1. Roll a 1.4 angstrom probe over the protein heavy atoms and tell me the percent of accessible area of the chain that is carbon or sulfur.
2. So for Trp7, Trp74, what's the accessible-area order with a 1.4 Å probe, most first?
3. Just the C-alpha atoms of region 65-111: what Rg/Rh do they give, with Rh taken as the Kirkwood radius?
4. To the nearest 10 Å², what's Leu104's accessible area with a 1.4 Å probe?
5. Suppose a student asked you for the relative contact order of region 49-115, using Cα pairs under 8 Å spaced at least 6 residues apart; what percent would you report?
6. If I build a Gaussian network model for the chain, linking alpha-carbon pairs within less than 10 angstrom, which residue out of Gly66, Gly87, Gly12 has the largest mean-square fluctuation?
7. Sorted by accessible area with a 1.4 angstrom probe, largest first, how do Ser38, Ser83 fall?
8. How much accessible area per residue does the chain have, counting only protein heavy atoms and a probe of 1.4 Å, in square angstrom?
Amino acid sequence: PRQQRGWLRLSGAPFDFAANRALFVYHHPEHARVLQLSLDTDSFARANARRSRIFHRSNTRPGSSGSPIFDINWTLVALHQGSITLGGEKLNGAIPTAAIHARLAAQGKLDALGG
């Protein structure tokens, strides 16, 4: 029998990206290509001052925006947003799940997560 995929939980707990640099991006690039997994044990590069965005080095391709980013324990920690050049280095941007959770809480929309 075919098993359903289910849902990932969106945690409000802050994730220490600097101490846990390995990030895995499970992405479906260019809309028609096969599902891919990018593994990088030294992916985390930096975060903005408010910790509402992080920047990582995991290899992705166009069309991967919105892809889940996991830590080494397969805990959802961010959503991939796209690429950017910062200080001459090409990086990928992402939104930490804690920032998404905080925004939904501030707007009174956590109930929409169903849990």
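1. Working: 3940 of 7680 Å².
C and S fraction of accessible area: 51 percent.
2. Reading off the accessible areas and sorting them downward yields Trp7, Trp74.
3. Numbers: Rg = 12.9 Å, Rh = 11.9 Å.
Looking at region 65-111, the ratio lands at 1.08.
4. Accessible surface of Leu104 is approximately 40 Å².
5. 30
6. Result: Gly87 has the largest fluctuation of those listed.
7. On the way: Ser38 15, Ser83 75 Å².
Output order, biggest surface exposure first: Ser83, Ser38.
8. On the way: 7680 Å² over 115 residues.
Heavy-atom accessible area per residue stands at 67 Å².
The values are calculated or read from the model by the stated rules, or taken from the named source; none is laboratory data. Source: prediction; values computed, not measured. Ideal geometry is used to build each Cβ from the backbone, glycine not excepted, and the neighbour counts take in all protein chains shown. Just the protein is used for accessible areas: all its heavy atoms, side chains included, with ligands, DNA and RNA removed. Shrake-Rupley method; radii C 1.70, N 1.55, O 1.52, S 1.80 Å.
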